[in-house]
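Heads up: the structure comes next, in structure tokens.
Read the figures in this text as sums done on the coordinates, not as results from a lab. The shown structure was predicted, so the numbers you read here are calculated from the model rather than taken from an experiment. Counting neighbours? That spans all protein chains shown, and the Cβs are built from the backbone with ideal geometry, glycine included.
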Amino acid sequence: MNVVITGASSGIGRACATIFARNGHPVLAVARREDRLLLLEKEAEQNHAAHVTSLAMDITSPGAPARVLEQAIRLFGNVHVLINAAGMSPYQEFHDLDYRHVCQILALNVRALTELCFFFMPHMLDHGETSRVVNVGSVGSYAPLPRFSVYSGSKHYVRVFTDLLAFECRRTNLRVCGLYPGGTLTEFPQLAGQKIRAMTRRTMFTPERLADIAYPAILKGKRVIVPGFINQLAVLIGKQLPFPWAIGVTKFIYDHTVDPVTPTYPL
């Protein structure tokens, strides 16, 4: 299967690129930071994995999702897997967010993901071979996360959008999957402005462990992938508790596991 992954320069996207390449799937790795993509290419070559090709691109720029598809078809012919792993958000209350960050969250977490689905899915349906689209959400797709109002809203969109696409494609060659991780040991917390307390870090997944769990589930075409008991519990809180209770529980958890610091996302 030929694979396209966004957000592939770090974190979950990078880990997914690594495990797919290690299992013999050629990968087109898409992200803004070319130096990190080239390092990913080199590591795949050194580990005798399938070839990883880097595409340095800001997928929120006008026309970028269509250009990603063009490059993928030029490289592979047919694309079988699209993993939308790019995402961002500062850890701040809504009134403290910089307007430019609000625009970035919506452009990356919602618009770019939607446009990539829009361009890639017809291609997959037309070639008729077994295919997967994977949209990376969050436990915040189910549970309300304090200080993540726009982020949680965007991830709720990702969940509902993904479920509806999965329903529409249920009798086709294409399966649409949602991957819903919780806190993961990536650069995301530091960039967002979260100082994770030491005890909490010991309960968090590495992106590599998360990818190990997600990989077979993606191949099977599972609609909902929630790795780990703690993350499944967070999803259950969001699904079963009334909102005032759910936000109270998640706020209590955040207050005792995370210290807010200054976000370092570039503007």
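May I ask you to order 153-162, 25-34 by the average number of other C-beta atoms within 10 Å around their residues, highest value first?
Highest mean packing first, the order is 25-34, 153-162.
Which order, highest average first, do 51-61, 5-15, 197-207, 37-47 follow once you tally other Cβ atoms within 10 Å for each residue and take the mean per peptide?
5-15, 51-61, 37-47, 197-207
Over region 98-174, what number does the Rg to Rh ratio reach, with both radii from the alpha-carbon atoms and Rh per Kirkwood?
In region 98-174, Rg relative to Rh is 1.05.
Helix-derived [θ] at 222 nm for the chain: sum -39500 (n - 2.57) over DSSP H runs of at least 4, divide by residue count, nearest 500?
-15000 deg cm²/dmol
Considering the options Gly178, Leu28, Ala234, tell which one lies farthest towards the positive end of the dipole of region 3-260, charges being +1 on Lys and Arg and -1 on Asp and Glu at the Cβ, about the Cα centre.
Of the candidates, Ala234 comes out farthest on the positive side.
Whole number please: convex hull volume per residue of the Cα set in region 192-257, in Å³?
115
Along region 94-106, what does the Karplus equation 6.51 cos²θ - 1.76 cosθ + 1.60 (θ = phi - 60°) give for ³J(HN,Hα), rounded to whole Hz, x for Gly and Pro?
Here the 3J(HN,Hα) series is 4, 6, 9, 5, 6, 4, 5, 5, 4, 5, 5, 4, 5 Hz.
Taking the Cβ-Cβ separation of Leu241 and Arg100 as r and a Förster radius of 45 Å, what is the calculated FRET efficiency to the nearest 0.05?
0.85
Relative contact order of region 3-260: what whole-number percent is it, with Cα pairs under 8 angstrom and at least 6 residues apart?
Relative contact order for region 3-260 comes out at 19 percent.
Just checking my list (i) 1.01; (ii) 0.96; (iii) 1.19 against Cα Rg over 2.2 N^0.38 Å computed from this structure; which label fits?
Given (i) 1.01; (ii) 0.96; (iii) 1.19, the structure-derived one carries the label (ii).
How far apart, in nanometres, would the label points at Leu185 and Val261 be if each is projected 7 angstrom from Cα along the Cα-to-Cβ direction?
Result: 1.7 nm between the two label points.
If amide hydrogens are placed 1.01 Å from N in the peptide plane, which non-local residues have theirs closer than 5 Å to the one on Ile83?
Those qualifying (amide H under 5 Å, at least 5 residues apart or on another chain) are Val4, Ile5, Thr6, Val134.
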